[in-house]
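Visitor: First the structure, then my questions, so here it is.
The values are calculated or read from the model by the stated rules, or taken from the named source; none is laboratory data. It should be emphasised that the depicted structure is a prediction, and the values quoted were computed from it without experimental measurement. Backbone-built Cβ (ideal geometry, glycine too); neighbour counts: all protein chains shown.
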Amino acid sequence: MNDSLRIPHIPKQIFILLKRELLLEIRSKEQITVMIIFALTSILIFQFSFELRTGNVQIFLPGILWIAMLFASSLSIDRSMTRDSQTGVIQGMLFTPVDPISIFISKVLANTLFLLALNLILLPTISILLNTNLPTYQLLPVIVLGAIGLSATGTIVSASLTNMKSRASLLPIILFPLLFPVVLSSTTASGMIIDGYSWDEYSKWIGVLLSYDIIFIVTSGLIFSYAVEA
């Protein structure tokens, strides 16, 4: 068979599709702009609200960080899926030799990268607003695994709702309960790291995040094509 007619392997497909996602975002800047504005607004609201009530907002820092990421990611991921669904890109890809798993993984990776980019802004902002030094390097595994969990779950849920008229109202109703293990584990682990706990004490929460990510990525990748066609 001619080399030009061969179906690319999944890693190559993922690379091509991920490059497409990143180029689209570089040109439009829709997702990252929405995420930054929404996340920063959420942090400011929480910061002033808790400070007025308690005078010590630092104890709420892990919750503020992950709630901001949760809301920002749900908006960003939904915009990504809606854009491709409305233009027929996703449906068109399913009629090509591109493996549905490649489409799913490329979107998860793109959204994860956007969330990590968001944290480059959020962490310094939180440090300045709350006048505290965050242990960024220790938080990195939690942030990466948490971002993957948010992206994987958000992508499959958003894909399954693309053809529904009430998508906007159904998305948080379905998505937020599914993300409870991610938010709980990420918030708990982040709080323990900030409070100076040892690796042995918070590593179990890292394990929960890792297990969740693996289960959701494998399961969602297998059912992605059915979710989009539903």
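Visitor: Of all helices (runs of 4 or more DSSP H) completely enclosed by the range 164-230, which ones contain at least 3 residues that are surrounded by fewer than 18 Cβ atoms within 10 Å (Cβ to Cβ) and either of a type in the set (S, T, N, Q) or touching a Phe, Trp or Tyr at 6+ places or on another chain (Cβ under 7 Å) (or both)?
Guide: Values: elements: 167-178, 180-194, 199-229.
In the range 164-230, the matching helices (runs of 4 or more DSSP H) lie at 199-229.
Visitor: If you don't mind, another one. I'd like the residue in the range 54-75 that is among the β-branched types (V, I, T) and either surrounded by fewer than 15 Cβ atoms within 10 Å (Cβ to Cβ) or farther than 22 Å from L116 by Cα (or both) and, out of all such residues, is modelled with the lowest pLDDT.
Guide: Kept after step one, since they are among the β-branched types (V, I, T), are these residues of the range 54-75: 54, 57, 59, 64, 67.
Applying the additional criterion that residues be either surrounded by fewer than 15 Cβ atoms within 10 Å (Cβ to Cβ) or farther than 22 Å from L116 by Cα (or both) yields 54, 57, 59.
Details: T54: 55, V57: 63, I59: 76.
It comes out as T54.
Visitor: If you don't mind, there's one more thing I want to ask. Check L145, L118, L140, L122 and return the single one that is surrounded by fewer than 19 Cβ atoms within 10 Å (Cβ to Cβ), in a helix (DSSP H, G or I) and of a type in the set (A, V, I, L, M, F, W, C).
Guide: Numbers: L145 fails: surrounded by fewer than 19 Cβ atoms within 10 Å (Cβ to Cβ); L118 fails: surrounded by fewer than 19 Cβ atoms within 10 Å (Cβ to Cβ); L122 fails: surrounded by fewer than 19 Cβ atoms within 10 Å (Cβ to Cβ).
Every option except L140 fails the conditions.
Visitor: Right, another one. How many residues does the range 94-135 hold that are among the hydrophobic types (A, V, I, L, M, F, W, C), farther than 20 Å from L22 by Cβ and free of Cβ contacts under 8 Å to residues at least 12 places away in the same chain?
Guide: Residues that pass the stated criteria total 2.
Visitor: What are the residues in the range 76-122 that are of a type in the set (F, W, Y) and either at pLDDT 80 or above or in contact with a helix residue (DSSP H, G or I) (Cβ under 6 Å, 6 or more places away or on another chain) (or both), if any? I'd like the intermediate steps shown before the answer.
Guide: Applying the first criterion (of a type in the set (F, W, Y)) to the range 76-122 yields 95, 104, 114.
Those that are of a type in the set (F, W, Y) and either at pLDDT 80 or above or in contact with a helix residue (DSSP H, G or I) (Cβ under 6 Å, 6 or more places away or on another chain) (or both): F104, F114.
Visitor: Also, quick follow-up: Among the residues of the range 40-53, are any of a type in the set (D, E, K, R) and crowded, with 19+ Cβ neighbours inside 10 Å?
Guide: no
Visitor: Condition check: outside any helix (DSSP H, G or I), at pLDDT 80 or above and either in contact with a Leu (Cβ under 8 Å, 6 or more places away or on another chain) or among the β-branched types (V, I, T) (or both). Does L134 satisfy that?
Guide: Details: outside any helix (DSSP H, G or I): yes; at pLDDT 80 or above: yes; either in contact with a Leu (Cβ under 8 Å, 6 or more places away or on another chain) or among the β-branched types (V, I, T) (or both): yes.
Taking the combined requirement at face value, the residue satisfies it.
Visitor: Please enumerate the residues belonging to the range 28-42 that are in a helix (DSSP H, G or I) and either touching a residue at least 12 places away in the same chain (Cβ under 8 Å) or basic (K, R) (or both). Please lay out each step first, then the result.
Guide: In the first step, residues of the range 28-42 are kept if they are in a helix (DSSP H, G or I); the result is 28, 30-42.
E30, Q31, I32, V34, M35, I36, F38, A39, L40, S42 - these are the residues of the range 28-42 that are in a helix (DSSP H, G or I) and either touching a residue at least 12 places away in the same chain (Cβ under 8 Å) or basic (K, R) (or both).
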